[in-house]
Amino acid sequence: MTNIKHSILHINTDGISGGAGKAAYRLHKGLLSIGRNSQYLVKEIQTTDPTIFVAPADAHFERHLVNDELINKHYIWYNRTAVTNTYFSFSYPGYDLSKNSLILDADILNLHWTEDFLSPRSLNALFSMNKPAVWTLHDQKPFTGGCHYSAGCKKYQELCQRCPQLSEDPIGLPSAILRDKMELFKGADLTIVTPSQWLAKEARKSNLFKSNRVEVIPNSLETDIYYPVDKETAKKLLDIDPNTITIMFGSADISDERKGIRHLIAATYFCLKDARFKKLIDSRKLVFICVGKADELTGQMPVPLMNMGYIDDDRSMAGIYNAADMFILPSVEDNLPNTMIEAMACGAPVISFKAGGMPDVIIDDLNGKLADFRDDEQLGRAILDLVFNPDKRAFLNSNCSLLIREKYKLEDQANNYLRLYDELLKDRGERKTTVIPYGGTYGRNTRIIYGGLFRFAVKKVLKKKFNVEVNNEFALSVLGCGLRFMRKVIPNHLNYFFRQCERIYHSLHIDNRKR
């Protein structure tokens, strides 16, 4: 491996929070640990780490964000179908980072989760700088027209038309955004990296990345923080009887349907049919530990919960994992979850579906348990198997923690990326970026439909706020201009303004009815 220390810049919206932020930061730390020149550029963060830099505020971004929030809310957020509630977002506006000194000085740009930070247009500006770029995918959004997980839809393999996640799409927003990406990324010196085989297959089949190089490099974690300790001791620290069997689950957003909480609930009901399991629950000899926001689960889970809330500290998380005899990961769509490798590193074997990146790591009955996709009964049987088989738990415990120490250390991931960076820089002279710089805030296809998007959003605002139906295009345009002006002039008081308008409107409406 070369000894040339190239400058690597990671770009992510959130620095160290969320699954993508944590994964990106771990790669950055791994590269620093092997003596490489790595820096980290984010949109917002609070940290004392001198290798993390916050991008200066972009006035152009803030000015357009005021308008585009209406589209996000009323064309997307309030316009979803029952297919899934997973994040779906408008891809504009974006920061212009092309003149940022960190960008200019970097030899390699490594993009991560850039939503609400970089748009297709601002990515076009970066790709046109003739620098090799690596894009580490943390979900499917980079190659779709809006969804972050497609819920089984394959329309990103074409042009994202007739999106099943939007109740109404009269203007064709997802298709326009995907077309923008195809035009703005054309000719980019861009290599795709995914942490899981599943996401790599989806990227290779996508219309956008089907001609790009796609590599698989798993995530990593700090094995000096996440490592196994005596479970009895770990349980005592949480005031749990050492003889109690503990089943852990959780995520940052448990209400996210793709995380599969309803499958865990169904599997738990199945387990309760076993008299032995029910006896353990009733006698408090079996406890469910939940990490994350779980208030809504109180009336849904048929067993008592030990709710730890949201934990934002690695050492605290490691302590909870170590107190767990097993970790349940019922996701139906997932890349390579941090929770999976963290739990396994601490000797908590993971029970999961054969979905996403889970089969990349979990080998059934060797270091964890895999159930067939969406098979709740099989998931329940896997739980019962480990609850009533302590020898198997101990066997899986030892194997799963050993696997993580052998293959998922920070330096393992860093060295794999470094080999890729060196190869891309070595071939740099043979490949020239041919991206055509594009002016303006929006891509061509989104710019064409933008007026229609905004009018649709205004129409929905009027319906939602005042229960007024307006279908005249000219009237919607005029009202949209007024609303845009008000949002710019009084953005911090707009909700108050709406409330006063509603009060006046309903007062007049009642008075007119009296007459």
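Label zone (Asp241, point 7 Å along Cα-to-C-beta; backbone nitrogen cut-off 11 Å) within the stretch 278-295: 280-287. Our summary gives the stretch 231-408 a relative contact order of 23 percent, counting only alpha carbon pairs under 8 angstrom and 6 or more residues apart. In the chain, Rg over Rh equals 1.01, where Rg is the alpha-carbon radius of gyration and Rh the Kirkwood radius from pairwise Cα distances. The orientation-averaged projected area of the convex hull spanned by the Cα atoms of the stretch 183-272 comes to 10.3 nm². If you plug the beta carbon distance of Lys279 and Glu232 into 1/(1 + (r/R0)^6) with R0 = 22 Å, you get a FRET efficiency near 0.50. Of Ile103, Ile225, Ile177, the sequence from fewest to most neighbouring Cβ atoms within 10 angstrom is Ile225, Ile103, Ile177.
In this label model, Lys154 and Thr81 are separated by 1.7 nm, measuring between points 7 Å along each Cα→Cβ vector. Potential lengthening of the chain between Lys464 and Phe395 amounts to 19.2 nm, from the contour at 0.36 nm per residue minus the alpha-carbon distance. In the chain, helical runs assigned H by DSSP with n ≥ 4 each contribute -39500 (n - 2.57); averaged across all residues and rounded to the nearest 500, the mean residue ellipticity at 222 nm is -13000 deg cm²/dmol. For Lys465, the lysines whose Cα comes closer than 21 Å to its Cα, not counting residues fewer than 8 places off in the same chain, are Lys73, Lys488. The ranking of Lys181, Lys278, Lys285, Lys459 from fewest to most other beta carbons within 10 Å of each one's beta carbon is Lys285, Lys278, Lys459, Lys181. Within the same chain, aspartates and glutamates fewer than 8 places from Lys426 are excluded, and of the rest, those with a Cα less than 18 Å from its Cα are Asp105, Asp107, Asp189, Glu215.
For the stretch 231-408, taking the reciprocal of the average inverse distance between every pair of different Cα atoms yields a Kirkwood hydrodynamic radius of 15.9 Å. Panel order for Cys147, Cys290, by other beta carbons found within 10 Å of each beta carbon, from fewest to most: Cys290, Cys147.
All of the numbers you see were taken from the coordinates with simple rules; none came from a lab. Computed from a predicted structure; not experimentally measured. Quick reminder, even Gly has a Cβ in these numbers, built from the backbone with ideal geometry, and neighbours come from all protein chains shown.
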